[in-house]
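K.L.:
Before I ask anything, here is the structure I am working with.
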Amino acid sequence: MYYLIYKPYLMLSQFSREGDKPTLADLDFAFPKDVYPVGRLDADSEGLLLLTSDKQLNHRLLNPKFRHNRTYYVQVDGALTEQACAQLTQGVTISVDGKPYHTLPANAHVISEPALPERNPPIRYRANIPTSWLSISLHEGKNRQVRKMTASVGYPTLRLVRWAIERLTAEGMQSGDIRELSRNDVMRGLNL
């Protein structure tokens with residue numbers, strides 16, 4: 001079984017409870033017992049999450065030797081420069097487990113504000129401080145990597161949305177939406 005969900009902001013990417021935080025179990029859908037998320041999005045991130053009972057696919061998507069592309073739309077604090085995008089594209093040094101780590105090359109460029117579901121609560125509006133939108137595509141997934149990358153070039157992340165996993169996208173989805181897919185749709189969308 002294969003499901004794409006648009007994980008809402010502040011929801012944990014798991015079914016088990018941790019205090020009073022919302023989880024995937026709070027979505028209005030009865031997922032089969034053997035379905036689990038492939039990877040995760042932090043509570044303060046939102047967007048596309050794949051859930052499946054397919055253990056082989058889970059292994060393939062989580063094992064770093066099988067690289068797959070993930071695209072994020074990122075709203076950052078400040079007017080993003082082409083120089084900052086070039087740095088992100090070449091890779092930057094971030095901290096991973098307390099040690100310096102140089103990220104793999106990424107595809108990063110400034111974009112117009114994308115059509116996304118409203119976030120609840122919305123990003124704090126500040127009239128005198130501009131924001132920019134960035135599309136960044138990665139082949140790796142270190143903990144809080146995109147946030148660390150944008151901060152390393154001087155642009156803290158305000159909103160982070162995973163838009164795509166390979167060719168599977170959140171197009172047409174709203175926060176909390178669930179889309180069931182066939183195995184063929186998933187394999188075609190993941191270029192497998």
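K.L.:
Tell me which residues, restricted to segment 118-137, are modelled with pLDDT under 95 and closer than 25 Å to G176 by Cβ.
P.N.:
Within segment 118-137, E118, R119, N120, P121, P122, I123, R124, Y125, T131 meet the criteria.
K.L.:
Could you check S175 against (1) in contact with a Lys or Arg (Cβ under 8 Å, 6 or more places away or on another chain); (2) at pLDDT 95 or above; (3) under 16 Å from V76 (Cβ atoms); (4) not charged (D, E, K, R) and say which number it fails?
P.N.:
(3)
K.L.:
State all residues of segment 140-153 that are among the charged types (D, E, K, R) and in a loop (DSSP other than H, G, I, E, B); if no residue qualifies, say none.
P.N.:
E140, K142, R144, listed by residue number.
K.L.:
Related question: With segment 1-67 as the region, which strands (runs of 3 or more DSSP E) entirely inside it contain at least 1 residues that are touching a residue at least 40 places away in the same chain (Cβ under 8 Å)?
P.N.:
Passing ranges, in order: 2-7, 46-52.
K.L.:
Counting only residues that are in a loop (DSSP other than H, G, I, E, B) and out of contact with any Pro (no Cβ under 6 Å at 6 or more places or on another chain), how many does segment 154-192 have?
P.N.:
14
K.L.:
Is it the case that S137 is in contact with a helix residue (DSSP H, G or I) (Cβ under 8 Å, 6 or more places away or on another chain), small (G, A, S) and in a strand (DSSP E or B)?
P.N.:
The answer is no for S137.
K.L.:
Moving on. I'd like the full set of residues that are among the hydroxyl-bearing types (S, T, Y) and either touching a strand residue (DSSP E or B) at 6+ places or on another chain (Cβ under 6 Å) or modelled with pLDDT under 95 (or both), limited to segment 19-63.
P.N.:
The answer is Y36, S45, T52, S53.
K.L.:
If you scan segment 153-186, which residues turn out to be under 26 Å from D28 (Cα atoms) and among the hydrophobic types (A, V, I, L, M, F, W, C)?
P.N.:
L160, V161, W163, A164, I165, L168, A170, M173, I178, L181, V186, listed by residue number.
K.L.:
Please specify each residue of segment 144-192 satisfying the condition of being on the phi > 0 side of the Ramachandran plot and of a type in the set (D, E, K, R).
P.N.:
Of everything in segment 144-192, those that are on the phi > 0 side of the Ramachandran plot and of a type in the set (D, E, K, R) turn out to be R144, E166.
K.L.:
Of all the residues that make up segment 90-134, how many are in contact with a helix residue (DSSP H, G or I) (Cβ under 7 Å, 6 or more places away or on another chain), surrounded by 15 or more Cβ atoms within 10 Å (Cβ to Cβ) and assigned to a loop (DSSP other than H, G, I, E, B)?
P.N.:
Adding up the residues that qualify gives 3.
The values are calculated or read from the model by the stated rules, or taken from the named source; none is laboratory data. Just so we're clear, the structure is a prediction, and the values are computed from it rather than from any experiment. Every residue, glycine among them, receives a Cβ derived from its backbone with ideal geometry; neighbour counts consider all protein chains shown.
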